[in-house]
Amino acid sequence: MRLSKGFVAVAAAAVTVLGLSACTDSAAPESSVDVEEVADFQDGTTMARLAEAGEITIGTKFDQPLFGLDDGSGTPQGFDAEIGKLVAAKLGIPASGITWVETVSANREPFIQNGDVDLVIATYTINDARKEVVSFAGPYYQAGQDLLVLEGNPDGIESVDDLAGKKVCTVSGSTSEANIAEYVSAPTDIIATDTYSNCLEPLRTGAVQAVTTDNVILAGLADQNEGEFEVVGAPFTEEPYGIGLALDDTDFRMFVNDTLQDAEDDGTWDELWEATAGKVLETPEPPAIDRY
Ligand code: GLU
C-alpha cells in the first residue's frame, strides 16, 4: 500500500480479509485495508481529533444489500461500509473503532449538521442543495436512477416514460423522490416511505407497480430477493455518491478526497468493490474526484 506523507504503516495491524465469515469474536470484522499509525495531523483538525480518540462515527444505510446491509449485529456490510473502513484506517482507526449509525435518506443532513456522525457514507448523492448545508468528499461512485418491477415486468414498464397512471414507491428526502415527480400523472401516485426495503411489500401486493431509486440499490434488492423482482435497466439520472461531512470542514474534505484518490490509484478501490457490490455488479471506472 502506498503511504501518504506523515503516516507509518503498522504491519501488525494489517488485518483480516474482508468477508471472512469465520470471525470468532464479537468485534466488528476488520477491513481488507491496512490500518495506519498516524504520525502527525495538524492540531485542531478533525483528523487530529478523530485520530487521538481512536474512534469515528459513521452513518450509513442498514437495509441496502451491496452497499450497507446490517449483518444482524448492527454492523453494515457492503461497499459503503468498506469505504468507511478505508477512511478510518487512514486515521489509524481499526474497524472496531467505528460506531455505525443507521441513516435513512431523510436524516443524513441533520445527522451531519448536529454532529451525530462524523461522516455519512450512504448512497448519498452530491448535489447543490445538499452542499448548502453539508460538504462532500468524492464522488467515489456514480449511480443512476432506475426502476424495479415485478419479475416478468407484468405492467410493461420499459422506462420512466411508462409511468403515467402508475403508482411508484420511493423514499422521502431522496433525490429519487424529487426526480420522479415529473414522470407520474399525479403527486398522489408517489408513495414515499423511509427505506427502500419498505417499498418491496407494496410492489409485491400490487399497491405500486414500480419502486424507484438508484440502479445499484435496486440491483441489490433484486439480488436479495431472487426471482421476485427485476431492474428495468434504463437509468435516467446521474447520482454521484459522495461522503458527507460537516459544512466547510475543508481540511477533512481534502483528507478524505486524498484517501479516495490513493485508493483509486493503488487498486484498493477495485478490491473493495469486487469484494462487495462487485459480486453482483460490474467493476466500473471510478469517477473523477471533485475537489470543489
Ligand atoms: N442517491 C440518492 C440520494 O442520495 C438516492 C438513494 C438514497 O436515498 O440513498 O438521495
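Any read-out appearing in this document is the output of simple, stated calculations on the displayed coordinates, not a laboratory observation. Computed from a prediction, not measured in an experiment: that's the story for all the values here. Because the Cβ atoms are built from the backbone with ideal geometry, glycine has one as well, and the counts that use them run over all protein chains shown.
Amide H to amide H, with H built 1.01 Å from N, Y141 comes under 5 Å of Y241, counting only residues 5 or more places away or on other chains.
Evaluated at 10 °C with a viscosity of 1.306 mPa s, what Stokes-Einstein diffusion coefficient in µm²/s does the range 196-288 have when Rh comes from the Kirkwood expression over alpha-carbon pairs? Translational diffusion coefficient: 100 µm²/s. In the chain, helical runs assigned H by DSSP with n ≥ 4 each contribute -39500 (n - 2.57); averaged across all residues and rounded to the nearest 500, the mean residue ellipticity at 222 nm is -7000 deg cm²/dmol. For E228, the amide hydrogen comes within under 5 Å of no other amide hydrogen, counting only partners 5 or more places away or on other chains and with H modelled in the peptide plane. Over the range 154-258, the ratio between the Cα radius of gyration and 2.2 N^0.38 Å evaluates to 1.24. Sorting the Cα pairs of the range 138-206 by distance into bins of 5 Å, from 0 upward, gives 3, 15, 27, 27, 18, 6, 3, 1 percent per bin. For the chain, the convex hull spanned by the alpha carbon atoms encloses 124 Å³ per residue. Panel note: the C-alpha atoms of the range 49-183, placed on their principal axes, show extents of 56, 34, 21 Å (largest first).
Of K131, K85, K167, the sequence from fewest to most neighbouring Cβ atoms within 10 angstrom is K131, K167, K85. Exposure proxy ranking for E285, E239, based on other Cβ atoms within 10 angstrom of each Cβ and starting from the fewest, stands as E285, E239.
When the charge dipole of the chain is built from unit charges on Cβ atoms (+1 for Lys and Arg, -1 for Asp and Glu) and taken about the Cα centre, the candidate among A192, L150, T237 whose Cα reaches farthest toward its positive end is A192.
Comparing S174, S73, S159 in a Gaussian network model of the chain (Cα springs below 10 Å), the most mobile by mean-square fluctuation is S73. Between A181 and S96, full extension at 0.36 nm per residue minus the direct alpha carbon distance yields a gain of 26.5 nm. Counting neighbouring Cβ atoms within 10 Å and putting the fewest first, the residues M254, M47 line up as M254, M47. Using a Gaussian network model of the chain in which every pair of alpha carbons under 10 angstrom is joined by a spring, one finds that among P240, P94, P187 the greatest mean-square fluctuation is at P187. For E151, the shell of other residues with beta-carbons less than 14 Å away shows a net charge of -4, using +1 for Lys and Arg and -1 for Asp and Glu. Take every DSSP beta bridge whose two residues both sit in the chain; close to 65 percent of them are antiparallel.
Do any GluC sites (Glu not before Pro) in the range 219-292 lie in a loop, going by DSSP, with at most 16 other beta-carbon atoms within 10 Å of their beta carbon, and if so which?
Passing sites in the range 219-292 are E226, E228, E238, E282.
Please compute the net charge surrounding V38, taking Lys and Arg as +1 and Asp and Glu as -1 over other residues with Cβ under 11 Å from its Cβ. For residues surrounding V38, the net value is -3.
Largest GNM mean-square fluctuation across P154, P235, P65, computed for the chain with C-alpha springs under 10 Å, falls on P154.
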